[in-house]
Amino acid sequence: MPTSQQVTALLDAGLDYRAAARRLGIRPGLAYLIATGLPADGGDAPAPEEGHDRHLVAGSQALALPPVDNPEANDVVLRWLAERVARDARMRGA
């Protein structure tokens, strides 16, 4: 698990939370939590003057949301489903 010092060093070097998280192999929301001590979902709101010193980001909720991936749109999944249906008479009837 990365430390607060590791995350803040990357932020101080100019990376944003997404880039820092990629480099550390964690999700952006976790990088935000490690660096700030606050959940990225906006569940806690410190005073505005604390923002800069703690690397807080307005709209941090976007960091907490996992990327959307619809496996139905993946060609590999569609081929797999078609093969399963072809092998199963009950699924062909459905």
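The values are calculated or read from the model by the stated rules, or taken from the named source; none is laboratory data. Everything quoted here is computed from the prediction, not taken from an experiment. Counting neighbours? That spans all protein chains shown, and the Cβs are built from the backbone with ideal geometry, glycine included.
For segment 37-45, does any single residue satisfy the condition of being surrounded by 15 or more Cβ atoms within 10 Å (Cβ to Cβ) and part of a helix (DSSP H, G or I)? Scanning segment 37-45, I find no residue that is surrounded by 15 or more Cβ atoms within 10 Å (Cβ to Cβ) and part of a helix (DSSP H, G or I), so the answer is no. In segment 1-33, the qualifying residues are those that are small (Gly, Ala, Ser) and closer than 9 Å to LEU63 by Cβ, and the one that is surrounded by the fewest Cβ atoms within 10 Å (Cβ to Cβ) is GLY29.
Scanning segment 71-94 for residues that are assigned to a helix (DSSP H, G or I), at pLDDT below 80 and among the small types (Gly, Ala, Ser) gives ALA73, GLY93.
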